[in-house]
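These notes concern the structure reproduced below.
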Ligand code: BGP
């Protein structure tokens, strides 16, 4: 029998500062690594950037009014570190803090629970220049100071906090694939950066608990559960290696403070393992997140990859099906197409059942409540002459995922809430404004000269009903 969603289930939607706010030089904001990176020719889609984004900075009241009308229970957003500390540390920029006070007050006034992400990738450029950002342990103090400033400012107002958004993504794309700032391709540095980010994450979580903050805190992990292509033991082992290196490597450290053994040994063998200093282990093991945030988009299907096999392949940033390249780790695994699922135009595999599988794995392994902090479908949307958007593909995607969550709850998972990605359309880091995720269409294009008018998509009304019925149908 299918369980019901809990009465206080947080039906929500998410965004991130750089992708929605715009106003990149306003009210004393400092420059972030993304503000710089998008200015390097050829780095991002047609040099599209978030200078203006969808102007949420000036239109947040209009956006929140739409949330209220829809019945949204929670809105997940991130704070731009550079608005609070333009150079990463030092004096608080009061105007920056004021903006988030206004945003949070407006949400609360409209009965929407604010969910605040401390770090969604827009590192202050000053810290990158000064000591290499995440490559230096100096960042632990600066990040903790920034987080503590927000804890003090919003104590009692914000009850849900996300520490780091997708550490696995910003480190892999930043230090392995050179697709995100700082544009490095070096596995040793990638794992070193991760170790430091784990320490910063643990420090901030401990701080939150030491301060007796009312509410909950946890990291958001981009979880792509791994399957084996078949029952050939070689392929099964390859899938386990992939799960260890691509998933458990992060989740085990968040939850247990321990690196998975096989993965750690592999990294030691390659000479890529991070240095663990005295006291690190104790710190990692001491931090206890209140929930695990999961961003779920797809699964990955794997098979054995010979030593002379494929390495890092290309991601699809074209929006044309079939333009991604096979990728993997020679001698271990490679990711292959799953013949049983469909793909989006960006080659992301559509697999609602995978969300149920992922939630079950997390529940059995860690016994921790999960907050689904992102899930959604990036597609082209078409605005009709009557300003309507018939995104039935998105409704199908989301409703199948909502159903999978309900099944996982029936299986025994504790799920606190579900945030779709995204609320309004917004900037996709590497795909510009053409790849849309929102319930609310924003008239913005690659030249960034759209009117920025907001239009409700069909999925907006669909979700309104889901919330009303608490996911019953
Ligand atoms: C996640 C990020 C989001 C968002 C989403 C969609 O990894 O946390 O910020 O961008 O993915 O990704 P994309 O824009 O590449 O389609």
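Rule-based calculations on the coordinates, nothing more; no lab input. Remember, it's a predicted structure, so these values are computed and weren't measured experimentally. All Cβ positions, glycine included, derive from the backbone under ideal geometry; neighbour counts span all protein chains shown.
Both the radius of gyration and Dmax for the stretch 234-307 are 14.3, 41 Å, in that order, over alpha-carbon atoms. For the stretch 1-152, the relative contact order comes to 29 percent (Cα pairs under 8 Å, sequence separation of at least 6).
In the chain, helices alone account for a calculated mean residue ellipticity at 222 nm of -12000 deg cm²/dmol, with every DSSP H run of four or more residues adding -39,500 (n - 2.57). Using a ≥ b ≥ c from the Cα gyration tensor of the stretch 317-473 (square roots of the eigenvalues), is it rounded, prolate or oblate, where a/c under 1.5 gives rounded and otherwise the larger of a/b and b/c decides, a/b for prolate? Note, shape of the stretch 317-473 comes out oblate.
Look at 334, 382 and count the other Cβ atoms within 10 Å of each Cβ; fewest to most, that gives 382, 334. Under 8 Å for C-alpha pairs, at least 6 residues apart: give me the relative contact order for the chain, rounded to a whole percent. Once divided by the residue count of the chain, the mean separation gives 17 percent. The distance between label points at residue 470 and residue 144 comes to 4.2 nm (points 7 Å beyond Cα on the Cα→Cβ vector).
Note on residue 47/residue 1: beta-carbon distance plugged into 1/(1 + (r/R0)^6) with R0 of 51 Å gives a FRET efficiency of 0.45.
Ordered by the number of other Cβ atoms lying within 10 Å of each residue's own Cβ, fewest first, 35, 443 fall into the sequence 443, 35. Is the shape of the stretch 6-82 rounded, prolate or oblate, going by the alpha carbon gyration tensor and its root eigenvalues a ≥ b ≥ c, with a/c under 1.5 for rounded and a/b larger than b/c for prolate? In terms of gyration-tensor shape, prolate. Pop the C-beta distance of residue 265 and residue 341 into the FRET formula with R0 = 41 Å and round what comes out to the nearest 0.05. Calculated value: 0.80. The smallest convex shape that holds all Cα atoms of the stretch 142-282, its convex hull, gives 132 Å³ per residue.
Per the Debye formula on identical point scatterers at the alpha carbon atoms of the chain, with no solvent, log10 I(q)/I(0) at q = 0.06, 0.11, 0.14 Å⁻¹ is -0.24, -0.88, -1.59. Compute the projected area of the convex hull of the Cα atoms of the stretch 327-402, averaged over all viewing directions, and report it in nm² to one decimal place. For the stretch 327-402, averaging the hull's shadow over all directions gives 7.5 nm².
Grab the beta carbon distance between residue 388 and residue 91, set R0 = 35 Å, and tell me the FRET efficiency rounded to 0.05. In this case the efficiency is close to 0.15.
Where the centre of each part is set by its Cα atoms, how far does the stretch 420-458 sit from the stretch 221-282, in angstrom? A separation of 36 Å, based on Cα centres. Each residue, residue 206 and residue 188, gets one label point 7 Å from its Cα in the Cβ direction; the gap between the two is 2.9 nm.
Computed extension length for residue 318-residue 152: 55.5 nm, one decimal, from 0.36 nm per residue of separation with the Cα-Cα distance subtracted.
The relative contact order of the stretch 237-349 comes to 25 percent, based on Cα pairs under 8 Å that sit 6 or more residues apart.
Rounded if a/c is under 1.5, else prolate if a/b is larger than b/c, else oblate: which is the stretch 161-237, with a ≥ b ≥ c the root eigenvalues of its Cα gyration tensor? Cα axes put the stretch 161-237 in the oblate bin.
Compared with the direct C-alpha span, the chain from residue 39 to residue 308 gains 93.2 nm at full extension, assuming 0.36 nm per residue. Projecting label points 7 angstrom from Cα along Cα→Cβ for residue 366 and residue 449 puts them 4.7 nm apart.
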